[in-house]
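*Asks:* Sending over a structure as structure tokens; questions will come in a sec.
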Amino acid sequence: MTNRKLGIDIDGTITNPNTFIPYLNKTFNKNLTMDDIKVYNLATVLGITNEEFYTWMKEHEPTIYKDAPLVSHAISTLSDWEKQHQLIYISARPIDYLEVTNEWFKKNNVPYHHIELIGKHDKLDAVKHHGVEVFFEDKHDNACDISEECDIPVLLFNTPYNQDPVPSKVIRVNDWKEARKWVDNYFIK
């Protein structure tokens, strides 16, 4: 069970999916909770245009990424896997945030072998390029596309915004404990 290539999204997967909510509530004078986020597109949730949301993101992204809280059990799981597998992070974050991202990884002691910020949600080329064998994601359409195009299992971290049906190679997990159990069993086969 050694040297497998694990592809891992960052935001909403190792960072808490509700990371953006306090910033949204403050700026837009809302009282949103995670249960209110039923779609991935936050502009839709806020009732603003994509352009308005993009402008807001450009202003707040560095702070949000710098201070994003980790989800429970991510570090312990990834630290154990670091000894056995290659941890390849593939994120839609813009490349402009590589320094902030690297600093966040160091500050939080997040183990990694490679971090790639691709600046778009379509991760297929990066997943194929790195020969990823299992991917971890929170965005529904990414999980479906990766599982079908790359013919690999994708562990989809359950959130209110990703509840549409999924193909057979997308496996829903609620946390990193479930992800660990699934991956450890998968590679024993």
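*Asks:* What do you get for the angle between helix 50-67 and the principal long axis of the chain? Use alpha-carbon atoms, 0 to 90 degrees, nearest ten.
*Replies:* Roughly 60 degrees, rounded to the nearest 10.
*Asks:* Same structure, new question: By a straight-distance test (C-alpha under 29 Å), which lysines pair with K120 as possible cross-link partners, with residues fewer than eight away in the same chain excluded?
*Replies:* K5, K26, K30, K38, K58, K66, K106, K107, K128, K139, K169, K177
*Asks:* Taking the Cα of K106, stepping 7 Å toward and past its beta carbon, and measuring to each backbone N in segment 67-93: which are under 17 Å?
*Replies:* 67-68
*Asks:* How much net charge surrounds C150 when only the other residues with a Cβ under 11 Å from the Cβ of C150 are counted, with Lys and Arg +1 and Asp and Glu -1?
*Replies:* Summing Lys and Arg as +1 and Asp and Glu as -1 gives -3.
*Asks:* Have a look at the DSSP beta bridges in the chain and tell me what percent are antiparallel, nearest 5.
*Replies:* Details: 1 of 20 bridges.
In the chain, DSSP labels about 5 percent of beta bridges as antiparallel.
*Asks:* Report the residues of segment 1-36 in range of a label on F187: point 7 Å along Cα→C-beta, backbone N strictly under 15 Å from it.
*Replies:* The answer is 1-8, whose backbone nitrogens lie closer than 15 Å to the label point.
*Asks:* How much length is gained if the chain between L98 and D67 is pulled fully straight, taking 0.36 nm per residue apart and subtracting their Cα-Cα distance, in nm to one decimal?
*Replies:* In short, 9.7 nm is gained.
*Asks:* Enter the per residue convex hull volume of the chain, computed from alpha-carbon coordinates, in Å³ rounded to the nearest integer.
*Replies:* Convex hull volume per residue, Cα atoms: 112 Å³.
*Asks:* Let me ask you something else. Of the trypsin sites (Lys or Arg not before Pro) in segment 1-85, which ones lie in a loop per DSSP and count no more than 13 other C-beta atoms within 10 Å?
*Replies:* On the way: sites: R4, K5, K26, K30, K38, K58, K66, K83; in loops: K30, K38, K83.
Those that pass, being in a loop and sparsely packed, are K38, K83.
*Asks:* Right, next: Between E116 and T44, what length comes free when the chain is fully extended (0.36 nm per residue of separation minus the Cα-Cα distance, one decimal in nm)?
*Replies:* 23.2 nm
*Asks:* What size of dipole, in debye to the nearest 20, comes out for segment 21-67 about its Cα centre when the only charges are +1 on Lys and Arg C-beta atoms and -1 on Asp and Glu C-beta atoms?
*Replies:* The dipole magnitude comes to about 80 debye.
*Asks:* Rounded, prolate or oblate: which fits segment 62-168, taking a ≥ b ≥ c as square roots of the Cα gyration tensor eigenvalues, rounded meaning a/c under 1.5, else prolate when a/b beats b/c? All intermediate terms of the calculation are to be shown ahead of the outcome.
*Replies:* Numbers: a/c = 1.45, a/b = 1.37, b/c = 1.06.
Here segment 62-168 falls in the rounded category.
*Asks:* With contacts defined as alpha carbon pairs under 8 Å and 6 or more residues apart, what's the relative contact order of the chain in percent?
*Replies:* For the chain, the relative contact order is 27 percent.
*Asks:* Here's another thing I want to ask about it. What's the angle, to the nearest 10 degrees (0 to 90), between helix 176-188's Cα axis and the longest principal axis of the chain?
*Replies:* 30
We did not get these values from a lab; they are worked out from the coordinates using the rules stated. These numbers were taken from a predicted model, which means no experiment stands behind them. Backbone-built Cβ (ideal geometry, glycine too); neighbour counts: all protein chains shown.
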